[in-house]
2 protein chains.
Amino acid sequence: MESSVMKKALQEYVDAFNQKDLERLISLFADDASVEDPVGKPLKKGRQEIEEFYRESMSGESKLELLAPPRGSFSNAASITFAVHTKMEGRSARIEVTDVMTFNNDGKISTMQAFWGPDDLRMV
Amino acid sequence: MESSVMKKALQEYVDAFNQKDLERLISLFADDASVEDPVGKPLKKGRQEIEEFYRESMSGESKLELLAPPRGSFSNAASITFAVHTKMEGRSARIEVTDVMTFNNDGKISTMQAFWGPDDLRMV
């Protein structure tokens with residue numbers, strides 16, 4: 001998998017999220033993909049669960065802000081590091097996140113892991 | 001594993017690397033740890049291989065610059081995103097990297113994966 005292909009998909013992931021374009025975002029995933037967001041909590045598996053997860057995630061005022069260029073690898077994995085700007089109970093909040101994605105041979109996201117913990121969320 | 005414990009270890013990793021303190025850096029790893037740097041290339045396994053890898057990595061003028069706060073998780077994994085400032089054939093180079101580490105119950109690094117690909121290295 002070319003790093004450039006993976007990075008383009010990751011940029012599209014961020015753009016689709018910020019434009020609340022659920023269909024475009026979901027189209028980036030393989031049908032049998034899994035999402036672990038945050039790492040350490042139960043997986044969302046398959047298109048239906050992943051779509052529900054992102055529909056919910058996108059329902060508020062959340063925006064993703066990339067903090068560094070996407071990173072590739074010498075295999076089928078790539079990562080992005082960003083802040084989520086969101087609202088919680090009417091107040092502004094910020095979550096520090098790094099996503100690691102793996103891709104299948106069709107260039108679709110096969111696995112997604114979102115690294116953030118309890119102390120990566122703060123009210124601002 | 002508390003996120004704060006993992007983040008402290010990751011900050012210590014960066015500091016030890018920048019101070020060329022090989023012993024302190026190696027002490028952060030479990031005896032049976034593995035290092036995949038970059039992701040997609042063969043693993044370094046166990047203390048001896050890891051020590052050789054970092055001795056070599058530290059032998060030049062490389063410095064790590066954290067670009068965002070470390071991220072934790074709800075399990076035993078955490079990540080850091082940084083730039084490596086280094087020299088290659090007498091010229092300055094920059095590598096964009098994200099490391100994901102997992103920790104054992106003693107708070108030692110059990111696995112390390114460094115996400116960077118061919119197009120994350122550029123001469124500056």
- Scale the Cα Rg of region A:1-64 by the rule-of-thumb value 2.2 N^0.38 Å and send over the ratio, two decimals. 1.12
- Would you mind getting me the FRET efficiency between B:E23 and B:E2? Use the beta-carbon distance for r and R0 = 22 Å, nearest 0.05. 0.30
- Helix A:3-18 versus the longest principal axis of chain A: what is the Cα-based angle in degrees, 0 to 90, to the nearest 10? 30
- Query: Any residues in region A:80-124 that have 30 Å² or more less accessible area with all protein chains than in their chain alone, probe 1.4 Å, and which are they?
  - Reply: A:T81, A:E96, A:T98, A:V100, A:F115, A:P118, A:D119, A:D120
- Note on the structure: Dividing the helical contributions, -39500 (n - 2.57) per DSSP H run of n ≥ 4, by the residues of chain B yields a 222 nm value, nearest 500 deg cm²/dmol, of -8500 deg cm²/dmol
- Percent breakdown of C-alpha pair distances by 5 Å bin, ordered from the shortest bin, for region A:3-123: 2, 11, 21, 27, 22, 11, 4, 1, 0
- Can you give the relative contact order of region B:3-123 as a percent, counting alpha carbon pairs under 8 Å and 6+ residues apart? 27
- Take chain A, connect every pair of alpha-carbon atoms lying under 10 Å apart with a spring to form a Gaussian network, then pick out the residue of A:E56, A:E65, A:E89 with the largest mean-square fluctuation. A:E89
- Message: Rounded to the nearest 20 debye, what is the charge dipole size of the protein assembly as shown about its Cα centre when +1 sits on each Lys and Arg Cβ and -1 on each Asp and Glu Cβ?
- Response: 400
- Length gained if A:A93 through A:S59 is fully extended, taking 0.36 nm per residue and subtracting the Cα-Cα distance, is 10.7 nm
- Query: Pulled fully out, how much extra length does the chain show between B:L66 and B:E49, if you take 0.36 nm times their separation in residues and subtract their Cα-Cα distance?
  - Reply: 3.6 nm
- Message: Placing unit charges on C-beta atoms (Lys and Arg positive, Asp and Glu negative, everything else neutral), compute the dipole magnitude of region A:3-123 about its Cα centre in debye, rounded to 20.
- Response: 240
- Relative to the longest principal axis of chain A, what angle (0 to 90°, nearest 10) does the C-alpha long axis of helix A:46-58 take? 30
- Message: Just to be sure I understand: if you take the accessible area of chain B alone plus chain A alone and subtract the pair, with a 1.4 Å probe, what total do you get in Å², rounded to 100?
- Response: 2200
- Shielding of A:29-40 by partners, i.e. mean partner chain Cβ atoms within 10 Å per residue? 2
- Task: With a 10 Å radius around each residue's Cβ, average the other Cβ atoms per peptide and rank B:40-51, B:99-110, highest first.
- Result: B:99-110, B:40-51
- Message: Just to be sure I understand: chains A and B are related by a rotation, so which residue of A has its Cβ closest to that axis, and how close in Å?
- Response: A:T81, 2
- With one decimal in nm and the nearest listed first, the spacings from B:D106 to its own position in the other copies, using label points 7 Å along Cα-to-Cβ, are 4.6
- Would you mind estimating how fast the protein assembly as shown diffuses translationally, via Stokes-Einstein at 20 °C and 1.002 mPa s with the Kirkwood radius over Cα pairs, in µm²/s? 115
- Centre separation in Å (Cα based) which lies between region B:45-124 and region A:69-107: 18
- Can you pick out the pairs among A:K8/B:K8; B:K20/B:K41; B:K8/B:K63; A:K108/B:K7; A:K41/B:K7; B:K45/B:K108 whose Cα atoms lie more than 22 Å from each other? A:K8/B:K8; B:K20/B:K41; A:K108/B:K7
- Message: Using DSSP to call loops (not H, G, I, E or B), can you name the chymotrypsin sites (Phe, Trp or Tyr not before Pro) in region B:32-97 whose Cβ has at most 16 other Cβ atoms within 10 angstrom?
- Response: B:F74
- What are the label-to-label distances in nm, one decimal and shortest first, from A:S62 to the same spot in the other copies, with labels 7 Å along Cα to Cβ? 3.4
- Task: Assuming a ≥ b ≥ c are the square roots of the Cα gyration tensor eigenvalues, decide whether region B:48-93 counts as rounded (a/c under 1.5), prolate (otherwise, with a/b larger than b/c) or oblate.
- Result: oblate
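The values are calculated or read from the model by the stated rules, or taken from the named source; none is laboratory data. Bear in mind the structure is a predicted one, so any value in this text is a computation, not a measurement. Don't worry about glycine lacking a Cβ; one is built from the backbone with ideal geometry, like all the others, and counts go over all protein chains shown. Surface accessibility is based on the protein's heavy atoms, side chains included, excluding ligands, DNA and RNA. Shrake-Rupley method; radii C 1.70, N 1.55, O 1.52, S 1.80 Å.
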